[in-house]
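Single-structure report; data block below.
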Amino acid sequence: MLIMKSLLSIISILLLFGCCHNQKSDPSTLIATDKAFSQMSIDKGLNAAFIAYAADSVMKLRDGNFPITSKNEMIGIYRKRLDTGMILKWVPVKAEISQSND
């Protein structure tokens, strides 16, 4: 019985660590996304780019205002805000992704 409990404990630990192992993401995907965001900002405007690329769980801090805490809230604010002539244009030269992929 003791051997069975020990074996189950070892298997549980191995499963736990196996499930927690993160695969490293490819930085070229991050660079491609960055370039696409920049191009959308040029083509459709800054607000459209932020709306298109924001995660559903976006959290954006703002000076003198409460933070934006959802994509729906961001859409409501950004669609009312003028962005005539405002673009973000850049070319990423390097990307690094943490071991935890965040």
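The values are calculated or read from the model by the stated rules, or taken from the named source; none is laboratory data. Fair warning: this is a prediction, and the values are worked out from it, not measured in the lab. We place every Cβ from the backbone using ideal geometry, glycine too, and count neighbours over all the protein chains shown. For accessibility, only protein heavy atoms count, side chains too; no ligands or nucleic acids. Shrake-Rupley method; radii C 1.70, N 1.55, O 1.52, S 1.80 Å.
Scanning region 58-76 for residues that are surrounded by 12 or more Cβ atoms within 10 Å (Cβ to Cβ) and of a type in the set (Asp, Glu) yields one hit, Glu73.
Give all pairs with beta carbons closer than 6 Å in which a residue from region 33-48 that is open to solvent by 20 Å² or more (accessible area, probe 1.4 Å) meets a residue that is basic (Lys, Arg); count only pairs at least 6 apart in sequence or on separate chains. Once the first residue is open to solvent by 20 Å² or more (accessible area, probe 1.4 Å) and sits in region 33-48, its partners that are basic (Lys, Arg) give Ile42/Lys89.
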